[in-house]
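Below is one structure, written out as structure tokens; the observations come after it.
The values are calculated or read from the model by the stated rules, or taken from the named source; none is laboratory data. Computed from a predicted structure; not experimentally measured. A quick note on method: Cβ atoms are made from the backbone with ideal geometry, for glycine too, and the neighbour counts reach across all protein chains shown. The accessibility values were calculated without ligands, DNA or RNA, using every heavy atom of the protein model including side chains. Shrake-Rupley method; radii C 1.70, N 1.55, O 1.52, S 1.80 Å.
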Amino acid sequence: MGEPFRVGYCRCSTDEQDVEIQTDQLLALGVPRERIFIDTGFSGTTRKNRAGLDNALAAVTSAAAAVTGRQVVLTTTKFDRFARNMAEAGEILTDLRQRDVLFGLGSSVYDWHDPFGKLFLQTLAMVAEFEANLNHLRTREGMAKARAKGRLKGKAPKLPLAARKTIHRRYHDPDDDASLADLAEEYSVGRSTIHRIISNPTPPQI
């Protein structure tokens, strides 16, 4: 049997550098760049709206039907990059097994027919979900403490009060021909910010 036909998947919530690290690791494992699928801006706790994962699964499904003499492997660098929800991880892994697609975690490839390999993947799914739930709990506790101390007060305005008052006055002054677009460019903010300021009939107070 020849070298495995690998399809790679990586995910990060915010850090672009993390995606680059995962991509480099997948390339080192022999995954061609054109078969690496990426999701950015997602926490991984839900299966919804993850086009990268959908495309990776579609790629291994097509490969399983077309490739002969080679194992087809969906490869990721860390299990929590793949899933942090046990139910959904189990559903995807079951679907892979039915299509005879193996799951690769780093350089290791797990055989569905090996009971120890199956148990190991189930254990990883449980640990990933536990860590995700623990992180959510810590976040909620941190926000509750900050709110109790008066430190959590919502997003601060993009512009100081004096600037917002000036924008409001100038826009509504018939002798000043400053347009919404002009003010947005002058104050280096989006038009939506200017619109919120000028839409109020009275000048900003806070």
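Somewhere in the range 93-105, is a residue among the acidic types (Asp, Glu), part of a loop (DSSP other than H, G, I, E, B) and at pLDDT below 75?
Our first condition is that a residue be among the acidic types (Asp, Glu); within the range 93-105, this holds for 95, 100.
Going one step further and asking which of them are part of a loop (DSSP other than H, G, I, E, B), we end up with 100.
Filter once more, keeping what is at pLDDT below 75: none.
No, every residue in the range 93-105 fails to be among the acidic types (Asp, Glu), part of a loop (DSSP other than H, G, I, E, B) and at pLDDT below 75.
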Among the residues of the range 42-54, write down those that are closer than 19 Å to residue 94 by Cα and either surrounded by fewer than 15 Cβ atoms within 10 Å (Cβ to Cβ) or at pLDDT below 65 (or both).
44, 45, 46, 47, 48, 54
For the range 80-114, name all the residues that are within 21 Å of residue 38 (Cα to Cα), among the β-branched types (Val, Ile, Thr) and out of contact with any strand residue (DSSP E or B) (no Cβ under 6 Å at 6 or more places or on another chain).
92
So residue 16 clears everything in (1) at negative phi; (2) out of contact with any Lys or Arg (no Cβ under 7 Å at 6 or more places or on another chain); (3) surrounded by fewer than 17 Cβ atoms within 10 Å (Cβ to Cβ); (4) modelled with pLDDT of 80 or more except one condition, right? Which one?
(4)
Is one or more of the residues making up the range 19-28 at pLDDT 85 or above, touching a helix residue (DSSP H, G or I) at 6+ places or on another chain (Cβ under 9 Å) and open to solvent by 30 Å² or more (accessible area, probe 1.4 Å)?
yes
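Based on this model, can you work out whether residue 33 counts as over 24 Å from residue 123 (Cβ atoms), open to solvent by 50 Å² or more (accessible area, probe 1.4 Å) and at pLDDT 80 or above? Give the steps one after another, and end with the answer.
Numbers: over 24 Å from residue 123 (Cβ atoms): yes; open to solvent by 50 Å² or more (accessible area, probe 1.4 Å): yes; at pLDDT 80 or above: yes.
Considered against the rule, which asks whether it is over 24 Å from residue 123 (Cβ atoms), open to solvent by 50 Å² or more (accessible area, probe 1.4 Å) and at pLDDT 80 or above, residue 33 comes out as yes.
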